[in-house]
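This report refers to the structure that appears directly beneath it.
The values are calculated or read from the model by the stated rules, or taken from the named source; none is laboratory data. Remember, predicted model here, so these are calculated numbers, not experimental data. FYI the Cβ positions are ideal-geometry reconstructions off the backbone, even for glycines, and counts take in every protein chain you see. These area figures cover heavy atoms from the full protein model, side chains too; ligands, DNA and RNA do not enter into them. Shrake-Rupley method; radii C 1.70, N 1.55, O 1.52, S 1.80 Å.
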Amino acid sequence: WGILFSHPRDFTPVCTTELGRAAKLAGEFSKRNVKMIALSIDSVQDHLSWCKDINAYNGEQPAETLPFPIIADKNRELA
């Protein structure tokens, strides 16, 4: 199984809380062999900054990584 989170833009409040909760539950998804990935229209650099924001929202160290990747779609070719 897989879960694709599709987001209109980095740093939006709902998207940040959604990915934050998904990051907290990533271990449970992994136990069930579910792969997670996100898509947003911003650049990789924006995603790295956003990951820090998501982790800080979760009360964790503001690292540039999440337990799943975020696809950069800066040119909106995938979205």
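Set the Förster radius R0 to 22 Å, insert the Cβ-Cβ distance between T12 and A56 as r into 1/(1 + (r/R0)^6), and round the FRET efficiency to 0.05. Once rounded, the FRET efficiency stands at 0.90. The heavy atoms of L4 present about 110 square angstrom of accessible area, all protein chains included, probe 1.4 Å.
Convex hull volume per residue, computed on the Cα atoms of the chain, equals 74 Å³.
Karplus-based coupling profile of the range 42-59, in residue order and whole Hz: 8, 7, 4, 4, 4, 4, 4, 5, 5, 4, 4, 5, 4, 5, 5, 4, 6, x, with θ = phi - 60° in 6.51 cos²θ - 1.76 cosθ + 1.60 and x standing for Gly or Pro.
Applying 1/(1 + (r/R0)^6) with R0 = 25 Å to the Cβ-Cβ distance of Q45 and L25 gives a FRET efficiency near 0.40. Computed about the Cα centre, the dipole magnitude for the chain is approximately 300 debye when only Lys and Arg (+1) and Asp and Glu (-1) carry charge, each at its Cβ.
Please return the longest stretch of the chain lacking exposed loop sites, where trypsin sites (Lys or Arg not before Pro) count only if DSSP places them in a loop and at most 15 other Cβ atoms lie within 10 Å. Excluding the exposed sites themselves, the longest stretch runs over 33-73. Heavy-atom accessible surface of E77, to the nearest 10 Å², is about 150 Å², with a 1.4 Å probe and all protein chains retained. Across the range 2-72, Cα pairs under 8 Å and at least six residues apart give a relative contact order of 39 percent. The helix-only estimate of mean residue ellipticity at 222 nm for the chain, built from DSSP H runs of length n ≥ 4 each weighted as -39500 (n - 2.57), is -14000 deg cm²/dmol after division by the residue total.
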